[in-house]
Amino acid sequence: MSTAGDRLPGPEPLAGVVDSRPPDIVGRSKRLWRLDDGKCLVELIPSLRSFSYDRDELVDETGPLRLAFYEKAAEKLTAAGVRCAFHRRVGEIAYLAEWAPGPPFEVIVKNVANGSTTRKYPGLFPDRAPLPRPVVKFDYRTDPEDQPIGEDYLRVLDLPVDLMREKSLLVNDVLREWLAPLQVWDFCLIFGFDAAGELVLNSEVSQDCMRLRHADGSPLDKDLFRQGATAEELVEQWKRAFDGL
């Protein structure tokens, strides 16, 4: 950890922040409080949501599992040269992060043709077929369902499209190597910018934002929720993702 991070308040003072004022930002799966010195406190909301399958629930046990996964992933990614907003964990479902807001776009990396690829582009690829090489696409984040957007729109906004693509593919390489023999089918990332305009990966990296398969082919991610699994079944399978890590 950096010496600057070591001077940040511990869990008890941060709990006071949560109790003393409402969050500055409330999203689908997180609450965020801005702090001094360019940091923020993030608390996970244990929500599971699927627009395609019209299902929206809270499963408390998923929060600690998401954060445990993210903590390990951030360590691996940082070591590989991907700058992550994650700083350190301060509770079961809370962590300190760098304040790095970004535009409402996400980057999706796909290694297998599935989900929206086969649903929106029928006939291009066999369902669940490995792609010849990773595919990177950009989505505009909007309710009720994110929408694919052409890269030229992002370039008109002076966003570093090529750098985001490069970093996303590096994340893909790191995750696939780290998680093997688990199979990383796809995942989504959100990039933001620090005060100097430098690119920062500010999104969570966990089963909640990826498709992850066990070596035996069974899902270890939110697809279980989409397929109608109970909360107990989902939590049991998510825990299997940690077996070999």
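The values are calculated or read from the model by the stated rules, or taken from the named source; none is laboratory data. Being a predicted model, the structure only gives us computed values, none of them experimental. Note: ideal-geometry Cβ built from the backbone for every residue, glycine included; neighbour counts use all protein chains shown. For the accessible areas, the whole protein counts, side chains as well, though only heavy atoms, and no ligand, DNA or RNA atoms are used. Shrake-Rupley method; radii C 1.70, N 1.55, O 1.52, S 1.80 Å.
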Among 192, 40, 87, whose Cα lies farthest out toward the positive end of the dipole of the chain, if unit charges sit on the beta carbon of Lys, Arg (+1) and Asp, Glu (-1)?
192
Can you list residues from other chains, or at least 5 along the same chain, whose modelled amide H is less than 5 Å from the amide H of residue 187?
109, 211
Given a 1.4 Å probe, how much area per residue of region 30-183 is accessible, in Å²?
53 Å²
Using the Karplus curve 6.51 cos²θ - 1.76 cosθ + 1.60 with θ = phi - 60°, work out ³J(HN,Hα) for each residue of region 28-38 in order, rounded to whole Hz, and write x for Gly and Pro.
5, 10, 8, 10, 9, 10, 6, 10, 6, 6, x
Note to self, the chain gives a 222 nm [θ] from helices alone (DSSP H runs n ≥ 4, -39500 (n - 2.57) apiece, / all residues, nearest 500) of -9000 deg cm²/dmol
Alpha carbon centre of region 223-245 versus region 147-188: separation in Å?
25 Å
Let me know the charge dipole size of the chain about its Cα centre in debye, to the nearest 20, where only the beta-carbon of Lys, Arg (+1) and Asp, Glu (-1) is charged.
480 debye
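Over region 86-245, what is the relative contact order in percent, taking alpha-carbon pairs closer than 8 angstrom and at least six residues apart?
Relative contact order, region 86-245: 21 percent.
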In region 120-171, taking the dipole from +1 charges on Lys and Arg beta carbons and -1 charges on Asp and Glu beta carbons about the Cα centre, the listed residue (159, 147, 170) farthest towards the positive end is 170
Once you have the Cα-Cα distance between residue 72 and residue 166, take 0.36 nm times their residue separation minus that, and quote the gain in nm to one decimal.
31.7 nm
DSSP loop chymotrypsin sites (Phe, Trp or Tyr not before Pro) with at most 14 other Cβ within 10 Å: longest gap in the chain
54-241
Within region 143-210, DSSP-loop GluC sites (Glu not before Pro) with at most 16 other C-beta atoms within 10 Å are 145, 198
Expressed in nm to one decimal, what extension gain is obtained for the pair residue 21 and residue 58 from 0.36 nm per residue of sequence separation less their Cα-Cα distance?
11.0 nm
Determine the gain in length on full extension of the stretch residue 196-residue 155; use 0.36 nm per residue of separation and subtract their C-alpha separation, reporting nm with one decimal.
12.8 nm
Using a probe of 1.4 angstrom, how much of the accessible area of the chain is carbon and sulfur, in percent?
51 percent
HN-Hα J couplings of region 114-127 from phi, Karplus 6.51/-1.76/1.60, θ = phi - 60°, integer Hz, Gly and Pro as x?
6, x, 5, 4, 7, 6, 8, 10, x, x, 6, 9, x, 4
Restricting to Cα pairs below 8 Å that are 6+ residues apart, what does the relative contact order work out to for region 85-177? Please round to a whole percent.
23 percent
Here are some pairs, 72/120; 137/239; 39/120; 39/222; 72/222; which of them have Cα atoms lying more than 27 Å apart in this structure?
72/120; 137/239; 39/120; 39/222
Angle in degrees between helix 231-240 and the longest Cα principal axis of the chain, rounded to the nearest 10:
90 degrees
First check a/c for region 83-186, with a ≥ b ≥ c the square roots of the eigenvalues of its C-alpha gyration tensor; if it is under 1.5, answer rounded, and if not, answer prolate when a/b is larger than b/c or oblate otherwise.
oblate
Indicate the gyration tensor shape class of region 49-141 (rounded, prolate or oblate), computed on the Cα atoms with a ≥ b ≥ c the square roots of the eigenvalues: a/c under 1.5 is rounded; otherwise a/b larger than b/c is prolate and the rest oblate.
prolate
